[in-house]
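These notes concern the structure reproduced below.
The values are calculated or read from the model by the stated rules, or taken from the named source; none is laboratory data. These numbers were taken from a predicted model, which means no experiment stands behind them. Heads up: the accessible areas ignore ligands, DNA and RNA and are worked out on the full protein's heavy atoms, side chains in. Shrake-Rupley method; radii C 1.70, N 1.55, O 1.52, S 1.80 Å.
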Amino acid sequence: MKQWNLWYLASGIVQVACAVQILLEWRRYSEALNSAPFSVTILVNGVCFGIPAAILFLIGLFLEKKRKDDSHEHGC
């Protein structure tokens, strides 16, 4: 597996973890006990998991571009 693929894989794992976290919280959510609507919980989880996932994805894009530029520079 190429190095840059690991960054995309890590980004995907973080996104799946976000979905799992939302599903687990949905099962425990109670409107009687929570003053915030569940959409706020989804938004917070989206931000908390989405920012790291986006950073990992961007690192993967950057490294992929750099690898391609290096291979063209060296004539490979």
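Observations on the model:
- Solvent-accessible area, 1.4 Å probe, carbon plus sulfur percent, for the range 1-62: 73
- Selected from Leu63, Leu33, Leu24 as most flexible by GNM, with the chain as the system and alpha-carbon contacts under 10 Å: Leu33
- The reciprocal of the average 1/r between distinct C-alpha atoms defines the Kirkwood hydrodynamic radius, which for the range 36-75 equals 12.3 Å.
- Taking the chain and dividing mean pair separation by its residue count, relative contact order in percent (alpha carbons under 8 Å, at least six apart): 51
- Overall dimensions of the chain as given by Cα atoms, namely Rg and Dmax in Å: 18.2, 65
- Rounded tilt (10° steps) of 38-73 against the dominant C-alpha axis of the chain: 0
- Accessible surface computed residue by residue for the chain, with neighbouring protein chains in place and a 1.4 Å probe, gives 78 Å² per residue.
- To the nearest ten degrees, helix 3-28 and the longest principal axis of the Cα atoms of the chain are 0 degrees apart.
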